[in-house]
1. Return the residues of region 153-195 that are buried (at least 21 other Cβ atoms within 10 Å of the Cβ), not aliphatic (A, V, I, L, M) and not in a helix (DSSP H, G or I); say none if nothing qualifies.
2. Tell me which residues, restricted to region 41-84, are over 19 Å from ASP184 (Cβ atoms) and open to solvent by 10 Å² or more (accessible area, probe 1.4 Å).
3. Test LYS54 against the criterion of being farther than 22 Å from TYR161 by Cβ, of a type outside the set (Asp, Glu), within 17 Å of the chain's Cα centre (by Cα) and at pLDDT 60 or above, and give yes or no.
4. Exactly one of (1) surrounded by 14 or more Cβ atoms within 10 Å (Cβ to Cβ); (2) at pLDDT below 55; (3) over 27 Å from LYS178 (Cβ atoms); (4) among the small types (Gly, Ala, Ser) is unmet by SER89. Its number?
5. Within the set of pairs 6+ apart or on separate chains, which have a first residue in region 36-50 that is among the charged types (D, E, K, R), a second that is open to solvent by 10 Å² or more (accessible area, probe 1.4 Å), and C-beta atoms under 6 Å apart?
6. Would you be able to tell me the number of residues in region 141-152 that are farther than 18 Å from ALA82 by Cβ and either in contact with a strand residue (DSSP E or B) (Cβ under 6 Å, 6 or more places away or on another chain) or surrounded by 18 or more Cβ atoms within 10 Å (Cβ to Cβ) (or both)?
7. Give me a count of the residues in region 211-225 that are among the polar types (S, T, N, Q) and open to solvent by less than 20 Å² (accessible area, probe 1.4 Å).
Amino acid sequence: MKTIWVRAGIVILLAAALLAAGCGGPQEADSYSSPAGQTELHVSAAASLTDAMKELAAEYEKAHPEVKIVFNFGSSGALQQAIQNGGESDLFFSAAQKQMDALAKDGLIADGTRRDLLRNEVVLIVPGDGGAVVRDFRQLTETGIKHIALGEPKGVPAGQYSEEVLKNLGLLDAVKAKAVYGSDVRQVLSWVEAGEADCGMVYATDAAVSDQVRVAAKAPDGSHKPIVYPAAVLRDAKQAALANDFLAFAGSDAGLRIFARFGFEVE
């Protein structure tokens, strides 16, 4: 477990540095060197959207070679704070309503641009090979399960939904004693992939993109609030027109088909 805590400490220090500089989210943004004449669109997006958003951007850039999409992926909570601290971003895709609501309350999203795009669900995952045999959430209290990876609930929507599931199942206190907390849902996934945690709770779409984990159980119906992903153009967007166009593409039939291929339910 030393490896997990060292990695978590490094991520926290990086997040603090980035936020203090007002320059982005909790992870290093994807780096693009745009050729002369290209316009950069800066998009902050929840970590669980990483694979789908990269494919969405690739399709958009094919039709708009003059545009380069620059992503900042991370937990929705850290991205929200970065935007509030003046970090550069034109468009925000959140994994929960809470973070978008906070930006709306502060007047930081452009009027009339917010829309709900996607839905997801919570699953319990275990390493694909070896490890503890887990088939049900209630097994998390067993002595053989030592380390359970969860998203940090203060800023990671997946962690918030996971705690809600565990609370409704009467397991939260027992699981907290074994929990290790990741800075975003993809860190939780990576810990389980590496066998550094016996199991973890992520979105169904995160489990679907990995061949190193398997789904042990799905969260029971009604055990958490609906997981809805909202998106909106930001009030201070430098490329407002372009941000609106990319958001429209994301919500188009073509865009939603891309999200659906990655396991998201579309609105």
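The values are calculated or read from the model by the stated rules, or taken from the named source; none is laboratory data. The structure displayed is predicted, hence computed values, not measured ones. No Cβ is skipped: glycine too gets one built from the backbone with ideal geometry, and neighbour counts run over all protein chains shown. Areas reflect the complete protein model, heavy atoms only, side chains present, ligands, DNA and RNA absent. Shrake-Rupley method; radii C 1.70, N 1.55, O 1.52, S 1.80 Å.
1. GLY155, GLY182, SER183, ASP184
2. GLU55, ALA58, GLU59, GLU61, LYS62, ALA63, HIS64, PRO65, GLU66, LYS68
3. Details: farther than 22 Å from TYR161 by Cβ: yes; of a type outside the set (Asp, Glu): yes; within 17 Å of the chain's Cα centre (by Cα): yes; at pLDDT 60 or above: yes.
Yes: the conditions hold for LYS54.
4. Among (1) surrounded by 14 or more Cβ atoms within 10 Å (Cβ to Cβ); (2) at pLDDT below 55; (3) over 27 Å from LYS178 (Cβ atoms); (4) among the small types (Gly, Ala, Ser), the lone unmet condition for SER89 is (2).
5. GLU40/SER34; GLU40/LYS68; GLU40/VAL70
6. Taking region 141-152 first, the residues farther than 18 Å from ALA82 by Cβ are 141-150.
In the following step, the residues that additionally are either in contact with a strand residue (DSSP E or B) (Cβ under 6 Å, 6 or more places away or on another chain) or surrounded by 18 or more Cβ atoms within 10 Å (Cβ to Cβ) (or both) were identified as 145, 147-150.
So the answer is 5.
7. First, pick out the residues of region 211-225 that are among the polar types (S, T, N, Q): 212, 223.
Checking the rest, the ones that are also open to solvent by less than 20 Å² (accessible area, probe 1.4 Å) come to 223.
Within region 211-225, residues that are among the polar types (S, T, N, Q) and open to solvent by less than 20 Å² (accessible area, probe 1.4 Å) number 1.
Condition check ((1) more than 16 Å from ASP51 (Cα to Cα); (2) open to solvent by less than 40 Å² (accessible area, probe 1.4 Å)) across all residues:
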| site | (1), (2) |
| --- | --- |
| ILE227 | yes, yes |
| PRO230 | yes, yes |
| ALA243 | yes, yes |
| SER252 | yes, yes |
| LEU256 | no, yes |
| GLU267 | yes, no |
